[in-house]
Amino acid sequence: MKEIIRLFNVLIVIFCMVILLLGVTLLLRYNPSVFESHESLITKAAEVQKPKLWQAPDTATIPKDKEGKRIRYGRELIAHTSDYLGPNGKVMNISNGMNCQNCHLEAGTKPFGNNYGSVASMYPKFRARSGKLESIVKRVNDCIERSLNGTSLDSLSEEMKAIVAYITWLGKDVPKGEKAAGSGLVEMKWLDRPADPVAGKKLYLQKCLICHGYSGEGQRLSANSHFIYPPLWGENSFNTGAGLFRISNLSRYIRANMPNGSTYDSPMLSEDQAWDIAAYVVSLPRPEKKFKQDWPKIETKPVDHPFGPYADGFSEEQHKYGPFREILAKNKSK
């Protein structure tokens, strides 16, 4: 009798194991995520928490009408500015040979690549730099005069209308007054030391020279064509009034986008390296163009604006390279 009971118990255990194995097999077949690793679950949770970044509308959806033709022309002007408006431009000669997308990457569509996602939703807006309410036209001409070291476009020209049409079309799905996630530049911490041009030069020679050249001259498609890789200093580069001449803007731009292949979520440089490379680039000669009308209220100047006068008493050298935290602390205390 005992042997029968023992056999019966063994059969029950075997039956339970079979049922358990069958259940596991079915779960793995129809819901494999139940058995995901702890690391995998953490990764998925992090992905859920990431903000959904703005994506440019598909160019295939540009309408096939007169306005669509203008939008396409605007995109072409952003991507190949020099071919139309450069020193050998087929429409006019008003800029230095760089293209708008040398700074506004992928025709102004790359996340944290200085994209145009929020322009239509945020303009017109008041800007402390001019002390005025600015339109998209004013903002475009600022870029032409500063980053392209050129002369402004007539606001009624077909070229300006096309550029504005393209930028407006890009931001058509962003609600008015809202800033699209991923527009502008990536956030970084302020250095607690001065940015170092000497260290930046060493990094530049290792990381940047292959595209931008030993003398920062960039690379052209051919002798008289547009730049594939833009000049970073010298007569063909952006002037001292450009936004990227501010070290915080340039370092944030570098961090999320350089060297080629970098992205905001997969950078190839540390924050400190980006600061130092930026310091090296802004230390070198370029067209000097100071806009006397900038920052009519000097107390509103950004902490890294490299030209005085200032309301805080710190030097131009410190405002250009840092350290910035003590300047920020003093300004905050006021």
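Read-outs: derived from the displayed coordinates by stated rules, not from any lab. Because the structure is predicted, anything quoted here is derived from the model rather than measured. Positions of Cβ are backbone-derived with ideal geometry, glycine not excepted, and every protein chain shown enters the neighbour counts.
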Notebook entry, point to check: Applying 1/(1 + (r/R0)^6) with R0 = 30 Å to the Cβ-Cβ distance of GLU288 and LEU205, what FRET efficiency is obtained, to the nearest 0.05?
Noted result: 0.75
Notebook entry, point to check: How long, wide and thick is the range 59-170, going by the Cα atoms along their three principal axes, in whole angstroms, largest first?
Noted result: 39, 32, 29
Notebook entry, point to check: If you bin the C-alpha pair distances of the range 205-293 every 5 Å from 0, what whole percents do you get?
Noted result: 3, 14, 22, 25, 19, 10, 5, 1
Note to self: Below 12 angstrom from the Cβ of ALA79, what's the summed charge of the other residues (Lys, Arg +1; Asp, Glu -1)?
What the structure shows: -1
Check: Taking neighbour counts of Cβ atoms within 10 Å as a proxy for exposure, in what order, fewest first, do SER262, SER82, SER152 appear?
Finding: SER152, SER262, SER82
Check: For the range 59-170, what is the relative contact order in percent, using Cα pairs closer than 8 Å and at least 6 residues apart in sequence?
Finding: 29
Item checked: Within the range 252-273, backbone nitrogen closer than 12 Å to the virtual label 7 Å beyond the Cα of GLN219 toward Cβ -> 260
Notebook entry, point to check: Cα to Cα, under 27 Å, and not fewer than 8 places away if on the same chain: which lysines meet these conditions relative to LYS161?
Noted result: LYS64, LYS66, LYS69, LYS90, LYS110, LYS125, LYS132, LYS138, LYS172, LYS176, LYS179, LYS289
Note to self: Using each residue's phi in the range 310-325, evaluate 6.51 cos²θ - 1.76 cosθ + 1.60 at θ = phi - 60° and report the 3J(HN,Hα) Karplus result to the nearest Hz, with x for Gly and Pro.
What the structure shows: 10, 8, 10, x, 7, 7, 4, 4, 6, 5, 7, 10, x, x, 9, 5
Notebook entry, point to check: Listing ILE167, ILE277 from the residue with the fewest other Cβ atoms within 10 Å to the one with the most, what is the order?
Noted result: ILE167, ILE277
Item checked: Total formal charge among the other residues, if their Cβ is under 11 angstrom from that of TYR123, Lys/Arg +1 and Asp/Glu -1 -> +4
Check: Net charge near ALA165, counting Lys/Arg +1 and Asp/Glu -1 over other residues with Cβ under 11 Å of its Cβ?
Finding: +4
